[in-house]
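Enquirer: Would you mind keeping the following structure in view while I ask a few things?
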Amino acid sequence: MIEANEAGTLLHLAARRGDQDAFQRLTNPYRRELLVHCYRILGSLEDAEDVLQETLLRAWRRLDSLQAQTSLRAWLYKIATNASLDALDSRRRRTMPMVTFAAANLGDLPLEPIREAIWLEPLPDALLDERPTFNPEARYEARESVAIAFLATLQKLPGRQRAVLILRDVLGWRSSEVATLLDTTVQAVNSALQRARTTMKQYRANRAASTAAASDAETASLLARYVAAWEEADSAALVSLLHRDAVITMPPMPTWYRGLAAIRWFLDAYLFTGQAKGRFRLVATRANGVPAFAVYHRDEQGGYRRAALHLLTIAGTEITEIHDFVAQNDRLFSGFDLPVVL
């Protein structure tokens, strides 16, 4: 731990004397993982960034309460977790269309967008910790724990159950450590964890049913054909890449479609209409632990501007989910190293 060495102790003492630069040097190594922790609880990168700033403000104000023998990381997680739970009191639960609404039938017109802050938001993979974890207490890897399906199920939980499950099953903390962090008992932690795991059973069942893996070459080929299908506006080619029960969601629109016929109808009726070839350009990126594409739409001047972000869930050599996050503003692309125009 940082407090266990002389340099860390000196930084700690300097920070307690009001040296803001020392405080930043103490907390900088933890900011990214704290941001992702807040994101898992809140389901929104924008909200997580706000709560991270609140966490650091609270930490600065309470620095005198940090004991030299206390883990700085655990102390910051305690503040961040409680700040996130406080934030949940004034924010609506985040969700996805396929969790909250029934699938549209073939031929059903898309409903008007819901522009209130109720949808999950994408997380750039650049924020994830690439270091492998070998904690036997953890049930989920870092990338899986930010998957859209995982987060959508997680958001069903009450705040404290959400926090307990993340701390125990994602970060691999012991029940005694979680109890200390949440100022509660080990019995209360274990009880909350049991209830949370019951809710997560459906996610785990779905995950177990779709664990088929493909080679890197097969995945690269699948993604290349996905790009070509969009840029050629070829609905037949696109649906040929999908699992028969694939879904497409389009936040902030609540409408979503399941199955090849419904998805192809939607594409032909709304996106690939008229002279659609060349209407879209796709740029590869990654988000929430999966392949993603920034979708650029051709404007009246012939240039291409950012319009959406696609997150793909892949099982074997088929795409099972397309989450088409439609941009309401440039905030959607925050944290992604993507050009504004092509």
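The values are calculated or read from the model by the stated rules, or taken from the named source; none is laboratory data. Keep in mind the model is a prediction, meaning the values are calculated, not measured. Cβ atoms come from the backbone with ideal geometry, glycine included; neighbour counts cover every protein chain shown.
Enquirer: Taking the stated definitions as given, is ARG115 touching an Asp or Glu at 6+ places or on another chain (Cβ under 9 Å) and surrounded by fewer than 21 Cβ atoms within 10 Å (Cβ to Cβ)?
Expert: Values: touching an Asp or Glu at 6+ places or on another chain (Cβ under 9 Å): no; surrounded by fewer than 21 Cβ atoms within 10 Å (Cβ to Cβ): yes.
No; evaluated as a whole, the condition is false for this residue.
Enquirer: Let me ask something else. Which residue out of ALA59, ALA4 is among the small types (Gly, Ala, Ser) and either modelled with pLDDT of 95 or more or crowded, with 19+ Cβ neighbours inside 10 Å (or both)? Steps first, answer last, please.
Expert: Numbers: ALA4 fails: either modelled with pLDDT of 95 or more or crowded, with 19+ Cβ neighbours inside 10 Å (or both).
The match here is ALA59.
Enquirer: Okay, next question. Tell me which of these LYS156 doesn't satisfy, since it passes every other one: (1) under 26 Å from ARG281 (Cα atoms); (2) outside any helix (DSSP H, G or I); (3) charged (D, E, K, R).
Expert: Here LYS156 meets the rest and fails (1).
Enquirer: Related question: For residues that are farther than 16 Å from LEU282 by Cβ and assigned to a strand (DSSP E or B), tally how many sit in region 293-338.
Expert: Summing the residues that are farther than 16 Å from LEU282 by Cβ and assigned to a strand (DSSP E or B) in region 293-338 gives 5.
Enquirer: Quickly run through region 30-85 and pick out the residues that are outside any helix (DSSP H, G or I) and without any contact (Cβ under 8 Å) to a residue 40 or more places away in the chain.
Expert: Start the filter on region 30-85 by keeping residues that are outside any helix (DSSP H, G or I), which leaves 43-44, 62, 66-71.
Selection gives ARG62, GLN67.
Enquirer: Applying the selection to region 103-161, what residues are among the small types (Gly, Ala, Ser) and not assigned by TED's automatic domain parsing to the domain that holds ARG174? I'd like the intermediate steps shown before the answer.
Expert: Step one: of region 103-161, the residues among the small types (Gly, Ala, Ser) are 103-104, 107, 117, 126, 138, 142, 145, 147, 149, 152, 159.
Within region 103-161, ALA103, ALA104, GLY107, ALA117 meet the criteria.
Enquirer: So, ALA214, is that one at pLDDT below 95 and either aliphatic (A, V, I, L, M) or outside the structural domain of GLU321 (by TED's automatic domain parsing) (or both) or not?
Expert: On the way: at pLDDT below 95: yes; either aliphatic (A, V, I, L, M) or outside the structural domain of GLU321 (by TED's automatic domain parsing) (or both): yes.
Judged against the criteria, ALA214 is a match.
Enquirer: Something else: Mind checking which pairs have a first residue in region 87-116 that is of a type in the set (Ser, Thr, Tyr) and a second that is assigned to a loop (DSSP other than H, G, I, E, B), Cβ under 7 Å, 6 or more apart or different chains?
Expert: Hits for this filter: THR95/ILE118; THR95/LEU120; THR95/GLN155.
One line per residue, one yes/no per condition, for (1) within 24 Å of THR320 (Cβ to Cβ); (2) at pLDDT 95 or above; (3) part of a loop (DSSP other than H, G, I, E, B); (4) in contact with a Ser or Thr (Cβ under 9 Å, 6 or more places away or on another chain):
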residue: SER90; (1), (2), (3), (4): no, no, yes, no
residue: ARG93; (1), (2), (3), (4): no, no, yes, no
residue: ASN135; (1), (2), (3), (4): no, no, yes, no
residue: TYR140; (1), (2), (3), (4): yes, no, yes, no
residue: ALA152; (1), (2), (3), (4): yes, yes, no, yes
residue: ILE166; (1), (2), (3), (4): no, yes, no, yes
residue: SER176; (1), (2), (3), (4): no, yes, no, no
residue: ALA179; (1), (2), (3), (4): no, yes, no, yes
residue: THR184; (1), (2), (3), (4): no, yes, yes, no
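Enquirer: Filter region 274-305 for residues that are of a type in the set (S, T, N, Q) and modelled with pLDDT of 95 or more; which is nearest to ALA229 (Cα to Cα)?
Expert: Of region 274-305, the ones of a type in the set (S, T, N, Q) are 275, 285, 288, 301.
Checking the rest, the ones that are also modelled with pLDDT of 95 or more come to 285, 288.
Numbers: THR285: 17, ASN288: 23 Å.
The qualifying residue nearest to ALA229 (Cα to Cα) is THR285.
Enquirer: Condition (residue is without any contact (Cβ under 8 Å) to a residue 12 or more places away in the chain and either farther than 18 Å from ALA152 by Cα or under 16 Å from the mean Cα position of the chain (by Cα) (or both)) applied to region 307-320: is it met by at least one residue?
Expert: No, region 307-320 has no match at all.
Enquirer: Restricting attention to region 228-268, and to residues there that are hydrophobic (A, V, I, L, M, F, W, C) and assigned to a strand (DSSP E or B), which single residue is surrounded by the most Cβ atoms within 10 Å (Cβ to Cβ)?
Expert: Narrowing region 228-268 to residues hydrophobic (A, V, I, L, M, F, W, C): 228-230, 233, 236-239, 241-242, 246-248, 250, 253, 256, 260-263, 265-267.
Subset that is assigned to a strand (DSSP E or B): 242, 246-248, 250, 253, 256.
Working: LEU242: 20, ALA246: 21, VAL247: 22, ILE248: 24, MET250: 20, MET253: 18, TRP256: 27.
Within region 228-268, the match that is surrounded by the most Cβ atoms within 10 Å (Cβ to Cβ) is TRP256.
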